1. Find the residue count for segment 57-84, including only residues that are modelled with pLDDT of 85 or more and aromatic (Phe, Trp, Tyr).
2. Among the residues of segment 125-141, is any under 30 Å from Val64 (Cβ atoms) and either part of a helix (DSSP H, G or I) or touching a Gly at 6+ places or on another chain (Cβ under 7 Å) (or both)?
Amino acid sequence: MAQVCLLSLTCFDKSDALTRYWSNSALNEGNENPVFYIQIYTVITFSGLFIGTVRWSILYQGSVHASDILYKRLLEAVLFADIRFHDTVSRGRLLNRFGTDFEGIDSTLSDNFGRSIMYALSAATTIISVSVVGGPPFIIAAALLGVLYWNGKYFSFSFEHIKLTVSSSREGTISRYSLSFSTHAGT
């Protein structure tokens, strides 16, 4: 999968390089006919389109295969569950829950996975390119920013817990006041 993603990125990069070369040759009185460059650009564009389509079809085939495996395992788990499970859970609720859960998995999993791979490859390409050009100062700055991001992620997680704790502690106070107001207002 990663090879197909890298190949599609390469095709789109080559089309930009060809456009630059074509523009420079027009300024330098090139000997080639403009139709020649248009044909090369068309071939590169269509190959990038084809590879992009292959990339997404591989992702969706993998998603369908993964869903098939998940459905089979879920069916097996439900069929071989204890009798108590079947006595306490209604079939309608069970089907509704499985349907909504798998709808979310089927509709978003492959798209999010594909975009994550593409963004990760794009970020890695950018960081490597700038590291080669920028040298050691950029590598040190990128490492420092990575450490700051990592620590900030934990701060954000802690902040959410504190905010939740404050919010839930206020709810008790507000519910007590609202109860006393509703009791006095009704009399």
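The values are calculated or read from the model by the stated rules, or taken from the named source; none is laboratory data. Worth saying up front: this structure is predicted, and the values here are computed from it rather than measured. All Cβ positions, even for glycine, are placed from backbone atoms using ideal geometry, and neighbour counts span all protein chains on display.
1. Of the residues in segment 57-84, 2 are modelled with pLDDT of 85 or more and aromatic (Phe, Trp, Tyr).
2. First pass over segment 125-141, keeping only residues under 30 Å from Val64 (Cβ atoms): 125.
Next cut, either part of a helix (DSSP H, G or I) or touching a Gly at 6+ places or on another chain (Cβ under 7 Å) (or both) only: 125.
Yes - at least one qualifying residue is present in segment 125-141.
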